[in-house]
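To keep things clear, I will list the structure first and then write my remarks on it.
The values are calculated or read from the model by the stated rules, or taken from the named source; none is laboratory data. From a predicted model like this one, the values you see are computed outputs, not experimental measurements. When we count neighbours, we look across all protein chains shown, and the Cβ atoms used for this are built from the backbone with ideal geometry, even at glycine.
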Amino acid sequence: MIKFFRKIRQNLLSEGKTGKYLKYAIGEIILVVIGILIALQINNWNESRKQKNELSETHQRIILDIDNDIRDLNSALIFWKEKEPIFKKVMNDSMSADLFDVGLSRLLTIMPRTNLNNTGIQQLKDLNVKDELSLRIINTYDLMENTSILRHEKELDEQGKQLQAIFQDKYIWYPEFISKTIMKDNSSKNLQNYFLTSMEYKNRVATGYNRVYNNYIPSLKIYIPRLETIRTDLKIIEDPNFSEINKKELEKYEGSYKINKIEGEALGMEVDELFSVKAHDNFLRIYPIKNPRTFVDFFHKENKLFNSEFDGIKVSIEFRTNSLQEISGYKFEANQLNHVLYTIKETDNK
């Protein structure tokens, strides 16, 4: 092709057709410029497609990270709600030895710590995208890490370590405290007297209560819904099967469900075990009543079918209706584990 164009130029020059040669040369330059522009456009298109694919993969990762973080943060919320009555009894001087059996001696020294899942967030930062959702995701995680949730957890952890150091330095019952779970029937009189009567401990519990229930818990209640909203926004973008549905529309599924049949692996569940279903905007939260920390969020797919994914396992729940078209139970399937769980509705919590 190059030889062909060169031959045309040579013929035009040898025939003395300078005007035609100039027109031809200009036309050839234009063709070259157009070729360069097309090549640049193709390159830009390829780069844009590559970045779009990378962003989509990052979004999928962040959805999984947020799922795990929502579970961890809700677990911490439940943990401290269960401890609140003990805090109040200490501060109100209404303690008794029975409180040792529910964790009186560990009230400030054992607590959950959250490890935020930052893999997807770091990938998002590396992509250096500036859209509103990406900036909101990054800002939310930066705030949780640096100014709210993890900062409060660090303060609580430091308080617990300081208290344990005091126990070690000042009290002869420390070896007993550190070596076993303290119960009312297995602990010494000296140890029990301290936790039941010490003003030092009562004051530290009051400080801890302020940090937990006036600072940390309000942060959890702010950021858990934010994460749920971000997860919804990402699913709208990335999941073609995702359908938005508000809490009011999902409340008909709420209630307690009793296992009446298990097929395949039991996965630690038992016949007659109760599960609770709670409606939220865009998803249902399902958990065993005996352990509400181990919940799974299910998202509407079609009709009465909901699905989810956790620990790499895809699961689905299909709700059943009775002759009156009322929700009467559901079938849970985890196909990878050859597991089917049938439940019937026991009560209505609406």
### Task
For L99, indicate whether it is in the same structural domain as L77 (by TED's automatic domain parsing) and in contact with a Gly (Cβ under 8 Å, 6 or more places away or on another chain).
no
### Query
For the subset of the range 314-325 comprising residues that are of a type outside the set (S, T, N, Q) and in contact (Cβ under 8 Å) with a residue 12 or more places away in the chain, which member is nearest to I286 (Cα to Cα)?
I317
### Message
Condition check: small (G, A, S), at pLDDT 95 or above, outside the structural domain of I149 (by TED's automatic domain parsing) and over 30 Å from T109 (Cβ atoms). Does A279 satisfy that?
### Response
yes
### Summary
The condition of being more than 20 Å from the chain's Cα centre (by Cα), acidic (D, E) and within 19 Å of I236 (Cα to Cα) holds, among E302, E326, E333, only for E302
### Task
Would you mind telling me which numbered condition in (1) among the small types (G, A, S); (2) more than 24 Å from P225 (Cβ to Cβ); (3) surrounded by 12 or more Cβ atoms within 10 Å (Cβ to Cβ) G268 fails?
(3)
### Query
From the list V129, V212, which residue is part of a helix (DSSP H, G or I), in contact (Cβ under 8 Å) with a residue 40 or more places away in the chain and either within 30 Å of E54 (Cβ to Cβ) or out of contact with any Ser or Thr (no Cβ under 8 Å at 6 or more places or on another chain) (or both)?
V212
### Task
Determine if the range 87-106 includes at least one residue that is of a type in the set (A, V, I, L, M, F, W, C), part of a loop (DSSP other than H, G, I, E, B) and under 28 Å from the mean Cα position of the chain (by Cα).
no
### Message
Could you check the range 244-276 and list, in sequence order, the residues that are modelled with pLDDT of 90 or more and either of a type in the set (F, W, Y) or out of contact with any strand residue (DSSP E or B) (no Cβ under 7 Å at 6 or more places or on another chain) (or both)?
### Response
N246, K248, E249, Y253, Y257, F275
### Task
Of the conditions (1) in contact (Cβ under 8 Å) with a residue 60 or more places away in the chain; (2) within 18 Å of R231 (Cβ to Cβ), D311 clears all except one; give me its number.
(1)
### Query
Exactly one of (1) outside the structural domain of S219 (by TED's automatic domain parsing); (2) at pLDDT 75 or above is unmet by F5. Its number?
(2)
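If you scan the range 141-172, which residues turn out to be over 30 Å from P218 (Cβ atoms) and in contact with a Phe, Trp or Tyr (Cβ under 7 Å, 6 or more places away or on another chain)?
Scanning the range 141-172 gives Q168, Y171.
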### Query
Would it be correct to say that K221 is part of a helix (DSSP H, G or I), of a type outside the set (F, W, Y) and surrounded by 14 or more Cβ atoms within 10 Å (Cβ to Cβ)?
no
### Task
Taking V129 as the residue in question, decide whether it is among the β-branched types (V, I, T) and farther than 21 Å from L64 by Cβ.
no
### Query
On the given criteria, is E57 at pLDDT 90 or above and assigned to a helix (DSSP H, G or I)?
yes
### Task
Run down L127, L135 and say which single residue is surrounded by fewer than 15 Cβ atoms within 10 Å (Cβ to Cβ), in contact with a Leu (Cβ under 9 Å, 6 or more places away or on another chain) and farther than 23 Å from L77 by Cβ.
L127
### Query
Hey, any hits in the range 177-191 for a residue that's in a helix (DSSP H, G or I), over 36 Å from the mean Cα position of the chain (by Cα) and buried (at least 18 other Cβ atoms within 10 Å of the Cβ)?
yes
